[in-house]
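Trainee: One structure, pasted below without further comment.
Taken together, the values in this text are just the output of simple stated rules run on the coordinates, not laboratory data. Just so it is clear, the structure is predicted and the values come from calculations on it, not from any experiment. Cβ coordinates were reconstructed from backbone atoms using ideal geometry, including for glycine residues, and neighbour counts include every protein chain displayed.
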Protein chains: 2
Amino acid sequence: MLSTVDNAMLSTMDSQRGLNATEAALLGLLREEGPMAGSQLAQTAQTVIGEYWNLTRSQIYRELTALTSGGFLTAGPPDPRRSRVYTVTAAGEAAFLEWLQAGPADMTPRLPLLITVLFGADLPPGRLAEILDEHERRHRDRLAEYRALDAELIRIGVGPYVRATLAFGIRFEEAVSRWFAELPAEFRQRDAGGGGG
Amino acid sequence: MLSTVDNAMLSTMDSQRGLNATEAALLGLLREEGPMAGSQLAQTAQTVIGEYWNLTRSQIYRELTALTSGGFLTAGPPDPRRSRVYTVTAAGEAAFLEWLQAGPADMTPRLPLLITVLFGADLPPGRLAEILDEHERRHRDRLAEYRALDAELIRIGVGPYVRATLAFGIRFEEAVSRWFAELPAEFRQRDAGGGGG
DNA sequence: TGGTACATGTAACATGTTACATGATTAG
DNA sequence: CTAATCATGTAACATGTTACATGTACCA
C-alpha cells in the first residue's frame, strides 16, 4: 500500500472529484468578484447567473462548506452573525479552470408547461386558455425586462461575455412569445358561457 | 382523536400528497396509452415527452412503486422477467386531473453552456470556439430532426396538442441557432497558430 | 428595553443520476 | 449445455428544495 489515507478520511475531504456546474459557477464568481460571504454570494449569483442557472441559498451554503473541506476555498473567521468570508485557493482556481476547459454538459430540459399542453384535452373548457394566458404574460414581462437590462448593460459598457448570456435569454423569450402567438386558436378559447352548474 | 391511522402507516401509504410533474406525466401516459410495464413506459416516455422532460429508467421504476403504494396505480402479477403491468386507478385518474387543473410550475432554467460562455475569457485561445462549434452542431441536428418529425406527424394526422409541444421544440432550436449565429466573431476564432508548447 | 421583523445559516426531505445485481435469451 | 450479452430492475449516491432554528438590528 502506497497510501496511508483510509476511506473514512477520503469521504470527508475528497479533493479529487470533479466539480459540478453549480460549484464551478460559484468558484468562478468568487474568483471574479473577490472574496465574500454566503449571503453576498447568493445575491451575486442571483443577479449574474440567475437568469439561466437556478439555485437556492441553502445549496450555496452547502457547496461552500463542501468546497472548503475539499480545499478549494478557505473560510475566514466568523463575524457576529456567524457569516464567514470565503476565498478561492490555488486548488480551487485550478479545479475551476479544469471544469471550464472540459466543456459544459448538454442541457436537460424541464418544461412543465408542455406536459400541461400535451394533456390539454383533459382540461375543463377554458382552463387551458387561462393557464396559457398567465404564462404568456409572465414571459412577455420577462422579455421586456431583459431588453431593458440589455440597453442598460450597453450603456454602462459591460463586456461581450455577459451580454452574450443575456442575448440568449432574449432570443429564448422571443421564441416563447412567438410559440404562444402561433398556438391553435381553439387552445385560447375562454369558457364563454360561464357554464352553469 | 378521530383517526386511528398512525404516522408510521401514513409514511408507507401517503395517499394525500400532491403529485410532481414527473408523476403526473407518467400517470397521464399510462392513462392515455393503456396499462404497461416499467420498461415499456420508459420507452414511451422517452418518445412522447423526452424532448422537453428529462427522466431516467430508474426514476420511472421508483415512481411506479411509490404511485402504487399510494393507491394511484395497481400492479399486475410479475411475468418471468419479474416485470409487472401497471394500471391507473380511479384515485390515480383523479390525482392526475387535479395536477393538470392546478396548472404547471414555471420552468427552472439550467443551461451549463451559458456558464461556460460567461467565463469564456478564462479559456485558452480557440477552446471557446471549439465548444461553441460542437454545441451548435448538436442543436442544428436536433432542429433538423424536429422538422422531419413534424412533417411526419402531420402526415399521419396526429392531434394539435402533441404538435404544439413539438412546435415549442422547433421554435426553441431556431432561437438557439440564431443566437449562435449572432455571437461576436471573436468568440468563434480558432487557435490560428497552433501555439508552440 | 422588550418585541418584531428580517437576515443568516442548518437540517430534513424530495428528486434526479449513476452504478450495480439479477436473470433471460441467444450463439456457439 | 455453457458462456456471453442484453434487458430489467434495485440500491447507493449526488443534488435540489422546503421548512425550520437562531440570532441581530431596528423600532416603539
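Trainee: Can you tell which of A:GLY70, A:ALA105, A:ASN54 lies farthest toward the positive end of the dipole of the stretch A:17-137, using +1 and -1 charges on the Cβ of basic and acidic side chains (Lys, Arg; Asp, Glu)?
Mentor: Projecting each Cα onto the dipole axis, the largest value belongs to A:GLY70.
Trainee: Continuing with the same structure: Work out from phi, with θ = phi - 60° and the Karplus expression 6.51 cos²θ - 1.76 cosθ + 1.60, the ³J(HN,Hα) of each residue of the stretch A:176-183, listed in order in whole Hz, and give x for Gly and Pro.
Mentor: Using θ = phi - 60°, the values come out as 4, 4, 4, 4, 4, 4, 8, 4 Hz.
Trainee: Nothing charged except the Cβ atoms of Lys and Arg (+1) and of Asp and Glu (-1): what's the magnitude of the dipole of the protein assembly as shown about its Cα centre? Round to the nearest 20 debye.
Mentor: Details: 40 positive and 50 negative charges, 33 e Å.
Once rounded to the nearest 20, the dipole reads 160 debye.
Trainee: Springs between alpha-carbon pairs under 10 angstrom, Gaussian network model over chain B: which of B:ALA45, B:ALA95, B:ALA121 fluctuates most?
Mentor: Of B:ALA45, B:ALA95, B:ALA121, the most mobile in the Gaussian network model is B:ALA121.
Trainee: Consider the operator that turns chain A into chain B: which A residue has a Cβ nearest its axis, and what is that gap in Å?
Mentor: Chain A residue with minimal Cβ-axis distance: A:ALA175, 2.
Trainee: Turning to a different aspect of this structure: I need the per residue convex hull volume for the stretch A:37-188, using only the alpha carbons, in cubic angstrom as a whole number.
Mentor: 174
Trainee: Still on this structure, I have one more. Per residue of A:116-128, how many C-beta atoms from partner chains lie within 10 Å of its own C-beta, taken as a mean? Don't skip to the answer; put the middle values down first.
Mentor: Numbers: counts 13, 9, 14, 12, 6, 4, 9, 4, 3, 0, 0, 4, 3.
What the average comes to for A:116-128 is 6.
Trainee: Here's a follow-up. In whole angstrom, how far apart do the alpha carbon centroids of the stretch B:169-184 and the stretch A:115-135 sit?
Mentor: Comparing the Cα centres of the stretch B:169-184 and the stretch A:115-135, I get a distance of 27 Å.
Trainee: What's the extension gain from B:GLN40 to B:PHE187 if we count 0.36 nm per residue and subtract their Cα-Cα distance? List each step's numbers first, then the result.
Mentor: On the way: separation 147, 0.36 × 147 = 52.92 nm, distance 4.39 nm.
Going from the current span to full extension adds 48.5 nm.
Trainee: Could you give each residue of the stretch A:121-128 its phi-based ³J(HN,Hα) in whole Hz, using Karplus coefficients 6.51, -1.76, 1.60 with θ = phi - 60°, and x for Gly or Pro?
Mentor: Coupling constants for the stretch A:121-128: 5, 8, 8, x, x, x, 5, 4 Hz.
Trainee: How many nanometers, to one decimal and shortest first, lie between the label point of B:ASP191 and those of its other copies, if labels sit 7 Å from Cα toward Cβ?
Mentor: Here the equivalent label points are 6.3 nm apart from this one.
Trainee: Which of B:THR87, B:THR68, B:THR47 moves the most in a Gaussian network model of chain B with Cα springs under 10 Å?
Mentor: B:THR47
Trainee: In addition: I want to verify the translational diffusion coefficient of the stretch B:12-83 in µm²/s; compute it with Stokes-Einstein, Rh as the Kirkwood radius over Cα pairs, at 37 °C and 0.692 mPa s. All intermediate terms of the calculation are to be shown ahead of the outcome.
Mentor: Working: Rh = 12.6 Å.
The Stokes-Einstein estimate is 260 µm²/s.
Trainee: What nm distances, shortest first, do you get from the label point of B:ARG178 to those in the other copies when the point sits 7 angstrom along Cα to Cβ?
Mentor: 0.4
Trainee: Which residue, A:LEU73, A:LEU118, A:LEU128, has the most motion in a Gaussian network model of chain A that connects Cα atoms within less than 10 Å?
Mentor: Ranking A:LEU73, A:LEU118, A:LEU128 by mean-square fluctuation puts A:LEU118 first.
Trainee: Using a ≥ b ≥ c from the Cα gyration tensor of the stretch A:48-119 (square roots of the eigenvalues), is it rounded, prolate or oblate, where a/c under 1.5 gives rounded and otherwise the larger of a/b and b/c decides, a/b for prolate? Provide the component values of the computation, followed by the final result.
Mentor: Numbers: a/c = 3.71, a/b = 1.69, b/c = 2.19.
Oblate is the answer for the stretch A:48-119, as a/c is 1.5 or above yet b/c matches or exceeds a/b.
Trainee: Provide an ascending nm list, one decimal, of label-point separations from A:GLY50 to the equivalent residue in each further copy; define each label point as 7 Å from Cα along Cα→Cβ.
Mentor: The answer, with the shortest distance listed first, is 3.6 nm.
Trainee: Let me ask something else about it. Can you tell me how the stretch B:103-197 classifies by the Cα gyration tensor, rounded, prolate or oblate, using a/c under 1.5 as the rounded cut?
Mentor: Working: a/c = 3.91, a/b = 2.10, b/c = 1.86.
Because a/c hits 1.5 or more and a/b exceeds b/c, the stretch B:103-197 counts as prolate.
Trainee: Per-residue Cβ counts within 10 Å, from other chains only, averaged over A:49-57: what number is that? Numbers along the way, then the final one.
Mentor: Values: counts 5, 1, 3, 9, 8, 6, 2, 0, 0.
That average works out to 4.
Trainee: Going by alpha carbons, how many degrees (0 to 90, nearest 10) lie between the helix axis of A:38-49 and the longest principal axis of chain A?
Mentor: Once rounded, the angle reads 50 degrees.
Trainee: With the alpha-carbon atoms as the only input, what is the per residue convex hull volume for the protein assembly as shown in Å³? Walk me through the intermediate numbers first.
Mentor: Values: hull volume 104.2 nm³, N = 394.
Enclosed volume per residue, from the Cα hull, is 264 Å³.
Trainee: If I fit a long axis through the Cα atoms of helix A:21-33 and take the longest principal axis of the Cα atoms of chain A, what angle between them do I get, 0 to 90°, rounded to 10?
Mentor: 70
Trainee: Hey, what angle do you get for helix A:90-102 against the long axis of chain A, alpha-carbon based, 0 to 90 degrees rounded to 10?
Mentor: Result, in degrees: 40.
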